[in-house]
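The values are calculated or read from the model by the stated rules, or taken from the named source; none is laboratory data. Bear in mind the structure is a predicted one, so any value in this text is a computation, not a measurement. Here the Cβ positions follow ideal geometry from the backbone for every residue, glycine too, while neighbour counts run over all protein chains shown.
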């Protein structure tokens, strides 16, 4: 549709209010003539906006012509909406006259908000394991680096556990992949409830899960991991390797240390936690 056009005198009073402006704001032209442009904006915004509008109108030359600012408009019924104000200046005998083109940008804002939300959702999906809803390997890698940096700064203890369901391949072969998936879902749900609020649990892939235990001694961490081992979702046991950060290892070596401990747990007969 045709843009709303509002013309103002040097004092910011309305001298012209076209039919589209009438539709946009809900005022008739004769009601607005001679009234301050600020009356088209919410009262709480008058002070901050006055500065913006003064700046917009201050340059006598055409420097600001075509510049746009976003404001919050208020219709006659008191409802508010986002608007874009584009300034076009010209001079007349009565001193400076300004004309502003006003666009209701509600729809555009809605589209932008939807897009932001969608991007946020896509971003979250990229970090979430589809099957269990736990953070995935990508999210884990980022979190581990973050926690290592935090532990280095605060000089607080950080433990890491790598857990693996025992004989998962055999379980899958015996019960089928659907039940195998169900086991992974049940495991994730059970373990999520059993870790501490500050712990971070992720599915690393296959039947491997990782738990990061910040501000936690090896003894405390072992208690948490033993709780997970005792859960036995669908009657299935697990093995775990647990280690504490030595304040120097990089993420990969820290993980490798837990992996070595897990290997020992498997070798020693499974269904146990080995401290690395």
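Confirm whether residue 130 is assigned to a loop (DSSP other than H, G, I, E, B), at negative phi and free of Cβ contacts under 8 Å to residues at least 60 places away in the same chain. Considered against the rule, which asks whether it is assigned to a loop (DSSP other than H, G, I, E, B), at negative phi and free of Cβ contacts under 8 Å to residues at least 60 places away in the same chain, residue 130 comes out as yes. Whenever a residue of the stretch 61-82 is in the same structural domain as residue 36 (by TED's automatic domain parsing) and on the phi > 0 side of the Ramachandran plot, its partners that are modelled with pLDDT of 90 or more and surrounded by 14 or more Cβ atoms within 10 Å (Cβ to Cβ), lying with C-beta atoms within less than 9 angstrom and at least six residues away or across chains, give the pairs 78/42.
Answer with yes or no whether residue 205 is assigned by TED's automatic domain parsing to the domain that holds residue 264, exposed (fewer than 13 other Cβ atoms within 10 Å of the Cβ), within 24 Å of residue 256 (Cα to Cα) and modelled with pLDDT under 95. So residue 205 fits the description; yes.
Is it true that residue 21 is touching a residue at least 24 places away in the same chain (Cβ under 8 Å), in a loop (DSSP other than H, G, I, E, B) and in contact with a strand residue (DSSP E or B) (Cβ under 6 Å, 6 or more places away or on another chain)? It is false that residue 21 is touching a residue at least 24 places away in the same chain (Cβ under 8 Å), in a loop (DSSP other than H, G, I, E, B) and in contact with a strand residue (DSSP E or B) (Cβ under 6 Å, 6 or more places away or on another chain). Filter the stretch 30-43 for residues that are surrounded by fewer than 14 Cβ atoms within 10 Å (Cβ to Cβ) and in a helix (DSSP H, G or I); which is modelled with the highest pLDDT? Restricting to residues being surrounded by fewer than 14 Cβ atoms within 10 Å (Cβ to Cβ) and in a helix (DSSP H, G or I), the top hit is 30.
Evaluation of residue 149 against the conditions (1) without any contact (Cβ under 8 Å) to a residue 12 or more places away in the chain; (2) surrounded by 18 or more Cβ atoms within 10 Å (Cβ to Cβ) shows that the sole unmet condition is (2). For the stretch 4-15, the candidate set comprises residues that are surrounded by 15 or more Cβ atoms within 10 Å (Cβ to Cβ) and touching a residue at least 40 places away in the same chain (Cβ under 8 Å); within that set, the residue that is farthest from residue 81 (Cα to Cα) is 9.
Out of the stretch 182-202, which residues are surrounded by fewer than 19 Cβ atoms within 10 Å (Cβ to Cβ) and farther than 22 Å from residue 247 by Cα? Result: 182, 185, 186, 189, 190, 192, 193, 194, 195, 196, 197.
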